[in-house]
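Worksheet for the structure shown next.
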């Protein structure tokens, strides 16, 4: 066994069907919440309002101007809302953009977050924050933004449309895959990532035929938690660097971008990450991991390429320098301009991913 450091992150996880009805108020009491800033997008507004009905008198303000990639102007508005409400806790109900907005508030105010995820983003268990300013997305790590408590209720995800469920689930798979070769990888994070893939693939395989099935939704949500936990400790690798740059530059939808790009980065890295590839194959139950992930996505209706999300071919060369500038130095396959260009061209066109030679 090699020498390693595993920096376990603090946080309380409450998981189970119906937990938002039976446990949420208790968890708020444990955190001493009396003046809550509720953050929920317009899409989640009705759900969040109903969830907060038993403690409506504690909701001092509601912020609904959630936007993907957390534009800095949105972050400032949310922080202002927290200050004006004299909030003592942020309750986020929603997906990654909602959690990201709550993190932007916590980053400058130090307010604790209780997160209730409704997608499979995994952001709720990471200390990573991200904001976008004039087309450039900046990310950082700060334990102030790590939610104190996360309440996972699979029942909240049964109404998530299948296409979004698939994209969000594959985004979680990307967290797992990247954890195998991210800068702070360890045997612990790899074990968590491998188990995460198993749960995610099981859930993805079942959710299309039974969108409201609790077993599938439970697998997906548990897999998302494991994926976020592995990613939080192992760190961000080439795949996430690419997707963050693309999202910030072209305002592409987060989960769908990750779902499309993943097989191409995997094809780029797999030949020089044999042990990681073996573990991914074991979790997937197939030796041809690039084809397996590609077929999983396309079979579940993932868009063929980034061009289907509105990115133009001319955009490719405008972001290569930004990606190579932040690419990890220890990526399994050395990151070059030509390598990134090949990944982006394949992902843009939706071509079959081809592994780089060893």
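The values are calculated or read from the model by the stated rules, or taken from the named source; none is laboratory data. Predicted model, so just to flag it, every value in this text is computed and none were measured. Please note: Cβ atoms are built from the backbone with ideal geometry, for glycine as well, and neighbour counts cover all protein chains shown.
Across the stretch 103-125, the qualifying residues are those that are out of contact with any strand residue (DSSP E or B) (no Cβ under 8 Å at 6 or more places or on another chain) and surrounded by fewer than 24 Cβ atoms within 10 Å (Cβ to Cβ), and the one among them that is nearest to residue 16 (Cα to Cα) is 110. Counting only helices (runs of 4 or more DSSP H) that sit completely within the stretch 9-115, those holding 2 or more residues that are in contact (Cβ under 8 Å) with a residue 24 or more places away in the chain and under 24 Å from residue 217 (Cβ atoms) correspond to 19-22, 24-30, 45-51, 96-109.
How about the stretch 246-255: which of its residues are more than 13 Å from residue 139 (Cβ to Cβ) and either free of Cβ contacts under 8 Å to residues at least 60 places away in the same chain or crowded, with 22+ Cβ neighbours inside 10 Å (or both)? Before you say what the answer is, go through the steps one by one.
Taking the stretch 246-255 and keeping what is more than 13 Å from residue 139 (Cβ to Cβ), we get 246, 249-253, 255.
246, 252, 255, listed by residue number.
Flag not set for residue 100, criterion: surrounded by 24 or more Cβ atoms within 10 Å (Cβ to Cβ), in the same structural domain as residue 62 (by TED's automatic domain parsing) and on the phi > 0 side of the Ramachandran plot. Which condition does residue 204 not pass, out of (1) within 28 Å of residue 280 (Cβ to Cβ); (2) buried (at least 24 other Cβ atoms within 10 Å of the Cβ); (3) in the same structural domain as residue 68 (by TED's automatic domain parsing), if it passes all the others? Unmet condition: (3). Can you find a residue that is over 25 Å from residue 197 (Cβ atoms), over 19 Å from the mean Cα position of the chain (by Cα) and either assigned to a helix (DSSP H, G or I) or without any contact (Cβ under 8 Å) to a residue 12 or more places away in the chain (or both) anywhere in the stretch 291-307? Yes - at least one qualifying residue is present in the stretch 291-307. Report yes if some residue within the stretch 168-185 is assigned by TED's automatic domain parsing to the domain that holds residue 87, over 22 Å from residue 216 (Cβ atoms), surrounded by fewer than 24 Cβ atoms within 10 Å (Cβ to Cβ) and over 13 Å from the mean Cα position of the chain (by Cα); otherwise report no. The answer is no, given that none of the residues of the stretch 168-185 is assigned by TED's automatic domain parsing to the domain that holds residue 87, over 22 Å from residue 216 (Cβ atoms), surrounded by fewer than 24 Cβ atoms within 10 Å (Cβ to Cβ) and over 13 Å from the mean Cα position of the chain (by Cα). Residues considered: 328, 353. Of these, the only one that is touching a helix residue (DSSP H, G or I) at 6+ places or on another chain (Cβ under 6 Å) and farther than 16 Å from residue 247 by Cα is 353.
The number of residues in the stretch 260-273 that are more than 20 Å from the chain's Cα centre (by Cα), crowded, with 17+ Cβ neighbours inside 10 Å and assigned to a helix (DSSP H, G or I) comes to 5.
It is to be established whether one or more residues within the stretch 274-284 are in contact with a helix residue (DSSP H, G or I) (Cβ under 6 Å, 6 or more places away or on another chain), surrounded by 24 or more Cβ atoms within 10 Å (Cβ to Cβ), within 15 Å of residue 179 (Cα to Cα) and touching a residue at least 60 places away in the same chain (Cβ under 8 Å). Scanning the stretch 274-284, I find at least one residue that is in contact with a helix residue (DSSP H, G or I) (Cβ under 6 Å, 6 or more places away or on another chain), surrounded by 24 or more Cβ atoms within 10 Å (Cβ to Cβ), within 15 Å of residue 179 (Cα to Cα) and touching a residue at least 60 places away in the same chain (Cβ under 8 Å), so the answer is yes.
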